[in-house]
Every structure is written in C-alpha cells, then in structure tokens.
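Below: the structure, in structure tokens.
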Amino acid sequence: MTAQFSKKSEAWSARFSEPVSDLVKRYTASVFFDHRLAPFDIQGSLAHAEMLQAQGIISAQDYADIVRGMTQIQSEIDGGKFEWLLDLEDVHLNIEKRLTELVGDAGKRLHTGRSRNDQVATDIRLYVRSAIDDILGLLKDLRLALLDLAEQHVDTIMPGFTHMQVAQPITFAHHMLAYVEMFGRDAERMADTRKRVNRLPLGAAALAGTTFPIDRLRVAKTLGFDDVCHNSLDAVSDRDFAIEFCAAAALIMTHVSRMSEELVLWMSPRIGFIDIADRFCTGSSIMPQKKNPDVAELARGKTGRVNGHLVALLTLMKGQPLAYNKDNQEDKEPLFDTADTIIDTLRIFADMVGGISVKADAMRSATLQGYATATDLADYLVKKGLPFRDAHEAVAHAVRVCVDRNCDLSDLTLDEMQQFSSLIEADVFQALTLEGCVAARDHVGGTAPRQIRLAIARVRGLCEEGR
C-alpha cells in the first residue's frame, strides 16, 4: 500500500477566526504515520456503527450505508488509491471525510456517541493486540528453530564461561536451550501484556462518557475485547499498555542482543565455533577475505533503538494531567517502530538460526584449554569424604602445577594426583573426561544429554500448546 498525501480541505469549523498556518498543520498532523491504523479504525468504526443501529441511535439504512462506504474506503486504501489529506490532520478525520463523500449524512452520524479520544485509544489497542499476536507466533518460530539446532548437538561439547573465562564443560545444545528459556519468558510477558491491552476504551467519548444509550459490552464482544475500560478518564488517557508492550519488546531485544554478541564472537576466526550462512552476512568494500555477521551486529544495535522508544514513552506520560492531551500523538511513532523492529528481527533470526553450522572440533579444543574439569575433580574428592573447601584448595594446587607445566589435569599421572590428596584413585580419570563431566549433571536443568533431550521434548510440547 502506497499512501498518497495532499493538502486540501479544512478540518475545523467556525470556532476559529483565522486559518491554521501551514507550519502548524505540518507540525500537528499525524496522518503521515498514523494512516497505518486505517484497518483498525475501520474495524472499530464498523463495530461502533453496528452498536448504534442495534440501540436505535442510527437507522438500519444508515448502518448499511456506513458498511458500504467503509468497504469501498478499505478497497481504496488497499489499492493505494486513497488520498490522505494533510489538512484533515489524522487517519480518523480522513476516513470520516471520505465516508461522508461516499454515503452522505450517514457518514456524519457515525461519530455519534464517541470522540477521537476514545477512537484513537481503541485503534491503538487493536494495533498493539495484532502486533502481539504476530510476535507470539514469531517467538514460537524462533524457539522451534533453536530447538532444532539444539537437537543436532546434544552431545557437542563446548566450554561454558563465566567472566568470559572457561568455567565448566557444557554442550552446545544446553547453551541454545538457555536462549529458548529467555524467549519463552518473552512469550509469557507478551501474552500477559495482551490481557491488559485487550480492554475497550470506546464509549468513554472525550473523557466523561456520552448521553446516548450505548452498549459498550456489545462493542467489546464484536471487537474481541475481554472487557471494557471501567473509568472514562483513564480509558482515553491511559497508555500503560503501550509502555508495557515496549518494555516487553525491549527485553526481547536484550535477549536478541546477547545472542547476537555470542554469534559475532563465535564466528570470529580467533574463536571459530560457528559459521553463519552467507545470506546473513556481507563482505568488505576493500578486504576481499571478509565475511561480516552484519545481521547479528545490526540486531545488537537496534536494541538501543527499542530501548530508546521505551524511555520516550515513559517520558511522554510522566507529566500529563488527566485526561487526554495532544502529547499523546507522540506515542505512535515509537510504538510503530518498536513493533516493526521486533517483528522483522524475530523473523530474520528464526531463519538465521537455521543457517548456523557448528564447528564441534573447535568447541571441544577450547574446552580443554581452561581446566574446565577442575570443579569435577573437587566434586570427586568431596564424594570421597573430603570437605568441599579442602577439596577446592587441593584442586587449586593441582591446577597451579598444570599451569606451570602447560598441561591438562587429565595429563597428570595417578601418582602425581595423589600428591594433592591420598583419596584420589584410578577412577578419577573417568570423572575428568569431558563426556563424564557433562553426563554427571543428570538433573532437571543440568547438562546431561538425557536431561537435554527431555528439555527439548518439554519445550516442543509447550510450543504445540501455544505457550
């Protein structure tokens, strides 16, 4: 859909003694960006009109004319033929003006019992609800892509890190499942946010309700809202739902950014844990050997953009008295861009995860470089009866010797190990294998391949249930 904008017509009437200047028109107009609310504006208007007719506030013929006119307007918008007028300020007045041109007085009667204040609040809630539904589907796609990748690498050993130092052996599948958990919480937050989005403001009118015998619950049911907003002042001035949506979106992008950081590091030749499919990378204008993980880097950068939108909305609302104020026109661009950024990012990341190839040998080699089995040696001694703090100290001495010799703990002979504790026996070497270390953590949330397979099955089940 290509929007066409032109400058004709005046929105306001005889209340004003001079026309609004062109500069003020451009400064106060929102039609440049809020025209994307048109499908939701039409949807809300049709539900409002149906209720007006059912309540005897407008005639059946008026309702039929409104439906006919709105159907044509939607067709014009879909075909890129609708002319958006700057002088009509916003999406709502543009659609109402065109409706009146098409159906006459019936179009003028549509606004009975409502205001632009509750109208725009309804449109935005419909928009955010739709965006949340899209995001929930994309989060599911991304989680499933991560599960598919994890399933291929249940036994692929890599180093787990703390402080960016090699800590303990884990598997690549276990690492991917950490992101599955993060994006699972994101889905929970979005679903929970949807509950507070899905309340109908329409019927609050400008701020105090209306004298017409409207049926708000009927409109709510028609539009699929769970409930109505129960205070007319709050209904038109509340943007908590938009802030909450942006907060949930900022957390999604934070998780995307953490994952992006690791993908960028892992793809570096100095680490070389993974490769990313060529379609998600770019080259250099001067260095022919380069393959840059641009998608991951850009997603990391866009996190700041979404965080900024959250701060913008919080700042927008912090000084507003009740009820509606023109400030709230500034809620839409940050909200729209947040939704666009999240939707595009999740869509491309679900595809990109499927294009990750894992270099298992490099991961295994890195795991052997940082004495990742030291904790397991301490646990071994504890199981033999040594207090943990004493075991910790004994292993620390062993690691110091290995650092000086530039060897691994498993390279020490049994006699050499027994210098650090007489409790060490020949079975220690099984405990110090990477596979043994990983398999030993056989509990819920642990690294054991058996637990990882159970975790993958559990999350697949949740995804199938829509959770």
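The values are calculated or read from the model by the stated rules, or taken from the named source; none is laboratory data. For clarity, every value in this text was computed on a predicted model and none was experimentally measured. Note that each Cβ is placed from the backbone with ideal geometry, even for glycine, and that neighbours are counted across all protein chains shown. Side chains included, ligands, DNA and RNA excluded: accessible areas come from the protein's heavy atoms. Shrake-Rupley method; radii C 1.70, N 1.55, O 1.52, S 1.80 Å.
Here are some residues: 180, 166. Which one is modelled with pLDDT under 95, aliphatic (A, V, I, L, M) and either in contact with a Phe, Trp or Tyr (Cβ under 9 Å, 6 or more places away or on another chain) or not in a strand (DSSP E or B) (or both)? Spell out the reasoning first.
On the way: 180 fails: modelled with pLDDT under 95.
Result: 166 is the single residue among 180, 166 that is modelled with pLDDT under 95, aliphatic (A, V, I, L, M) and either in contact with a Phe, Trp or Tyr (Cβ under 9 Å, 6 or more places away or on another chain) or not in a strand (DSSP E or B) (or both).
Residue 220 meets all of the listed conditions (1) open to solvent by less than 10 Å² (accessible area, probe 1.4 Å); (2) within 18 Å of residue 322 (Cβ to Cβ) but one, namely (2). Restricting the first member to region 368-386 and to residues that are basic (Lys, Arg), and the second to residues that are open to solvent by 50 Å² or more (accessible area, probe 1.4 Å), the beta-carbon pairs closer than 6 Å and six or more apart or on different chains are 384/423.
Within the group 378, 398, 372, which residue is closer than 25 Å to residue 271 by Cβ and not hydroxyl-bearing (Ser, Thr, Tyr)? From the options 378, 398, 372, the qualifying one is 372. You will find that of 208, 235, the residue that is among the aliphatic types (A, V, I, L, M), out of contact with any Asp or Glu (no Cβ under 7 Å at 6 or more places or on another chain) and either crowded, with 18+ Cβ neighbours inside 10 Å or farther than 30 Å from residue 449 by Cβ (or both) is 208 and no other. Quick check on my filter: what residues within region 343-362 are closer than 17 Å to residue 293 by Cβ and open to solvent by less than 50 Å² (accessible area, probe 1.4 Å)? Scanning region 343-362 gives 345, 349, 350, 352, 353, 355, 356, 358, 362. Residue under question is residue 300, and the condition is that it be modelled with pLDDT under 95 and open to solvent by 50 Å² or more (accessible area, probe 1.4 Å); does it hold? Judged against the criteria, residue 300 is not a match.
With respect to the conditions (1) outside any helix (DSSP H, G or I); (2) open to solvent by less than 40 Å² (accessible area, probe 1.4 Å), residue 213 lacks only one, and its number is (2).
Would you check if residue 340 is in contact with a Phe, Trp or Tyr (Cβ under 9 Å, 6 or more places away or on another chain), within 30 Å of residue 37 (Cα to Cα) and open to solvent by 50 Å² or more (accessible area, probe 1.4 Å)?
On the way: in contact with a Phe, Trp or Tyr (Cβ under 9 Å, 6 or more places away or on another chain): no; within 30 Å of residue 37 (Cα to Cα): yes; open to solvent by 50 Å² or more (accessible area, probe 1.4 Å): yes.
Answer is no for this residue.
Restricting the first member to region 125-142 and to residues that are over 26 Å from residue 42 (Cα atoms), and the second to residues that are open to solvent by 30 Å² or more (accessible area, probe 1.4 Å), the beta-carbon pairs closer than 6 Å and six or more apart or on different chains are 138/347. For region 363-409, which residues satisfy the criterion of being open to solvent by less than 40 Å² (accessible area, probe 1.4 Å) and touching a strand residue (DSSP E or B) at 6+ places or on another chain (Cβ under 9 Å)? Selection gives 363, 366, 367, 370, 372, 373, 374, 376. Residue count for region 268-293, restricted to those that are open to solvent by 60 Å² or more (accessible area, probe 1.4 Å) and either of a type outside the set (Val, Ile, Thr) or within 30 Å of residue 160 (Cβ to Cβ) (or both): 11. If you go through region 282-328, how many residues are outside any helix (DSSP H, G or I), under 30 Å from residue 369 (Cα atoms) and in contact with a strand residue (DSSP E or B) (Cβ under 6 Å, 6 or more places away or on another chain)? Qualifying residue count, region 282-328: 2.
Based on what the data block shows, is residue 430 under 16 Å from residue 379 (Cα atoms), out of contact with any strand residue (DSSP E or B) (no Cβ under 6 Å at 6 or more places or on another chain) and among the polar types (S, T, N, Q)? Against the criterion (under 16 Å from residue 379 (Cα atoms), out of contact with any strand residue (DSSP E or B) (no Cβ under 6 Å at 6 or more places or on another chain) and among the polar types (S, T, N, Q)), residue 430 qualifies. For region 146-180, a residue qualifies if it is open to solvent by 20 Å² or more (accessible area, probe 1.4 Å) and among the small types (Gly, Ala, Ser), and the qualifying residues are 167, 178.
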